[in-house]
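The values are calculated or read from the model by the stated rules, or taken from the named source; none is laboratory data. Note that this is a predicted model, so its numbers are computed, not measured. Quick reminder, even Gly has a Cβ in these numbers, built from the backbone with ideal geometry, and neighbours come from all protein chains shown.
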Amino acid sequence: MRAVRIAGVTPASQVTLSEVPVQAPRPGWVLVRVRAFGMNHSEQILRMSEIEMPYIRKPVIPGIECVGEIADPSDGPWRKGQKVVALMGGMGRSFDGSYAEYALLPVHHVFSVDTDLPWASLAAVPETYFTAWGSLFESLRLCPEDTLLVRGATCALGYAAITLAKALGCKVIATTHRKEKIPLLEAADEAILDEGKLSGRLCGVTRALDLVGPKSLRDTLLTVEKGGIVCDTGVLGGVYTLSNFDPIKEIPSGVYLTGFFSNSPTQEVMDAIFAFIREHRLVPEYGARYAFDEIREACLAQDRGVSGKIVVEVEGA
């Protein structure tokens with residue numbers, strides 16, 4: 001099969017397809033014919049630096065999610081040809097991931113789906129919508145009457161969060177730090193240029209999804225109303241930890257801070273996501289689509305920055 005394999009730091013310009021053996025199924029693992037996959041920031045981090053860490057299996061096929069069909073169910077509960085999505089659980093780090101025509105994946109991170117979405121739209125769902133869903137409904141406990149702030153909204157996760165929140169009936173305020181991207185937030189009720197300080201500028205925010213991360217988190221905590229909840233999910237700001245953070249002094253009284261880590265998807269949650277998509281007739285959008293032969297161009301586009309999800313369709317698997 002064709003696949004991308006990396007063993008060291010790999011700039012987008014050096015990403016290539018090579019021929020590698022299809023792995024044989026074994027108990028507890030299922031072979032998936034990859035029809036499409038979404039690209040993620042974590043894979044960019046893997047290519048550019050994390051690949052050198054000792055816990056990364058090398059060489060490795062990147063890719064933390066995919067959509068496709070069961071090629072060989074092994075001892076799993078599926079039938080050959082059944083439509084599935086897969087995400088996380090060590091994909092593309094502990095074992096080979098989805099930048100390939102076939103992926104051998106652990107059964108506990110492969111999920112059946114009932115959907116008529118085309119492959120490209122379906123590929124925009126697994127990791128992105130699961131993370132948005134968990135952030136909004138598990139962590140933020142979002143309700144229709146809430147006013148949601150999405151900070152750092154011009155990314156795939158931001159767009160998914162806006163889509164879900166608007167379908168629920170919430171008012172949504174979305175931010176970007178680039179003035180030219182304000183028009184890309186037209187799905188929100190209000191789009192705001194984020195120059196680093198939102199506290200004192202907004203009123204009535206009851207829930208906040210911070211995708212910028214620790215760089216802006218202190219200010220986000222000061223932006224929500226008393227009784228509000230802040231969920232820290234992203235690290236778009238490039239800062240990964242909070243230095244000298246004093247929760248007693250820096251979390252306002254009556255404001256709640258939580259986070260969401262997307263490493264534990266379940267069939268129950270995936271069923272709920274796709275039921276919501278069907279009920280509200282949502283068509284998950286993507287920012288750019290590439291063929292598998294264009295994987296280098298897709299990685300270059302990722303490095304340049306694309307507003308929305310990049311999806312790659314795999315033909316001829």
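What the table shows:
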| read-out | value |
| --- | --- |
| Restricting the range 280-313 to residues that are of a type in the set (Ser, Thr, Tyr) and in contact with a strand residue (DSSP E or B) (Cβ under 8 Å, 6 or more places away or on another chain), the residue that is modelled with the lowest pLDDT | TYR286 |
| Qualifying residues in the range 227-250 (those that are among the β-branched types (Val, Ile, Thr) and in a loop (DSSP other than H, G, I, E, B)) - the one nearest to VAL212 (Cα to Cα) | VAL235 |
| Pair list, Cβ < 8 Å and 6+ apart or interchain, from the range 194-216 residues that are within 19 Å of THR241 (Cβ to Cβ) and part of a loop (DSSP other than H, G, I, E, B) to residues that are at pLDDT 95 or above and of a type in the set (Lys, Arg) | LEU211/ARG151; VAL212/ARG151 |
| Test: residue in the range 249-259 that is surrounded by fewer than 16 Cβ atoms within 10 Å (Cβ to Cβ) and in contact (Cβ under 8 Å) with a residue 60 or more places away in the chain | yes |
| Matching option when the condition is surrounded by fewer than 24 Cβ atoms within 10 Å (Cβ to Cβ), within 20 Å of VAL312 (Cα to Cα) and among the aromatic types (Phe, Trp, Tyr), among PHE130, PHE111 | PHE111 |
| Of residues in the range 275-296 being among the hydrophobic types (A, V, I, L, M, F, W, C), in contact with a Phe, Trp or Tyr (Cβ under 9 Å, 6 or more places away or on another chain) and more than 20 Å from PRO11 (Cα to Cα), the one surrounded by the fewest Cβ atoms within 10 Å (Cβ to Cβ) | PHE276 |
| Residue within the range 234-241 that is surrounded by fewer than 21 Cβ atoms within 10 Å (Cβ to Cβ) and at pLDDT 95 or above present | no |
| ALA208 farther than 28 Å from ARG289 by Cα, within 20 Å of the chain's Cα centre (by Cα) and surrounded by 19 or more Cβ atoms within 10 Å (Cβ to Cβ) | yes |
| Which listed residue is crowded, with 19+ Cβ neighbours inside 10 Å and either in contact with a Phe, Trp or Tyr (Cβ under 7 Å, 6 or more places away or on another chain) or at positive phi (or both), from ALA165, ALA160, ALA188 | ALA160 |
| Per-region count, the range 82-102, residues among the small types (Gly, Ala, Ser) and farther than 13 Å from ARG5 by Cβ | 4 |
| Of all residues in the range 297-316 being surrounded by fewer than 17 Cβ atoms within 10 Å (Cβ to Cβ) and either more than 14 Å from GLU43 (Cβ to Cβ) or in the same structural domain as GLU186 (by TED's automatic domain parsing) (or both), the one that is nearest to the chain's Cα centre (by Cα) | GLY305 |
| Boolean, VAL110 is within 26 Å of GLY237 (Cβ to Cβ) and modelled with pLDDT of 95 or more | no |
| Yes/no for SER98 being buried (at least 23 other Cβ atoms within 10 Å of the Cβ), among the hydroxyl-bearing types (Ser, Thr, Tyr) and in contact with a strand residue (DSSP E or B) (Cβ under 6 Å, 6 or more places away or on another chain) | yes |
